[in-house]
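Just below is one structure, and these are the notes that go with it.
The values are calculated or read from the model by the stated rules, or taken from the named source; none is laboratory data. Only a predicted model underlies this, so the values are computations on that prediction, with no experimental measurement involved. FYI the Cβ positions are ideal-geometry reconstructions off the backbone, even for glycines, and counts take in every protein chain you see. SASA here: full protein model, heavy atoms, side chains in, ligands and nucleic acids out. Shrake-Rupley method; radii C 1.70, N 1.55, O 1.52, S 1.80 Å.
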Amino acid sequence: MLAPEVPMSHSVAGEPSSAGRRAAPLTTAVYSATEWDLLISLPGRVLVAAAAPGPGRPERGVMAGLAGLDAVAAGRAFDSDLVRAVVAAIYARHDGTPPPAERLTDLVDLLAACRAVCRVLGRRADPADSAAYRQWVQSVAARVCRAVPSPGGRRVDQPATPADRRFLDRLGAALGLG
């Protein structure tokens with residue numbers, strides 16, 4: 001089964017001109033079903049990995065998961081057609097397949113998936129869409145790593161622990177962010 005053709009673009013002006021045409025031409029890329037699944041599953045996998053406890057990483061609770069879900073949903077407001085399409089696909093998925101966050105893998109597999117996404121984006125996506133997607137995925141992990149419960153059950157953001165910082169650095173490198 002092939003994935004639907006998903007046109008992706010990053011408009012310089014952002015909105016259609018008054019004549020009803022975009023000010024900048026669209027860059028179109030069509031993703032295979034496998035590529036599209038990789039793009040829509042990665043944010044959930046990153047959220048789960050960022051929330052997982054480990055050596056030097058605190059036990060995270062519901063607050064961290066909610067922070068990650070907020071970060072995923074924030075993609076709806078990105079100035080990237082790709083990020084908005086991925087978020088819409090994540091929320092529209094109801095075909096009985098496991099949600100992306102339920103596909104647990106170890107860190108090595110996650111980093112390999114990040115590198116695979118970078119290769120797909122390098123071949124298929126507009127450079128601005130590629131950068132926006134990769135930064136958005138990194139922001140999901142960063143928000144989860146900074147979220148801690150405070151007295152009264154409210155979420156507060158605090159600096160990441162050294163272990164979280166290492167996780168975020170490795171994730172950023174795998175996403176080609178530095």
Q. Out of (1) touching a Gly at 6+ places or on another chain (Cβ under 9 Å); (2) at pLDDT 90 or above, what's the single condition that is false for Trp36?
A. (1)
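Please indicate, with yes or no, whether at least one residue in region 22-31 is modelled with pLDDT of 90 or more, open to solvent by less than 40 Å² (accessible area, probe 1.4 Å) and not basic (Lys, Arg).
Yes, the conditions are met somewhere in region 22-31.
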**Q.** Checking Gly176 against (1) part of a helix (DSSP H, G or I); (2) at pLDDT 95 or above, the condition it does not meet
**A.** (1)
Q. Of the residues Ala101, Ala142, Ala85, Ala112, which single one is modelled with pLDDT under 90 and of a type in the set (A, V, I, L, M, F, W, C)?
A. Ala101
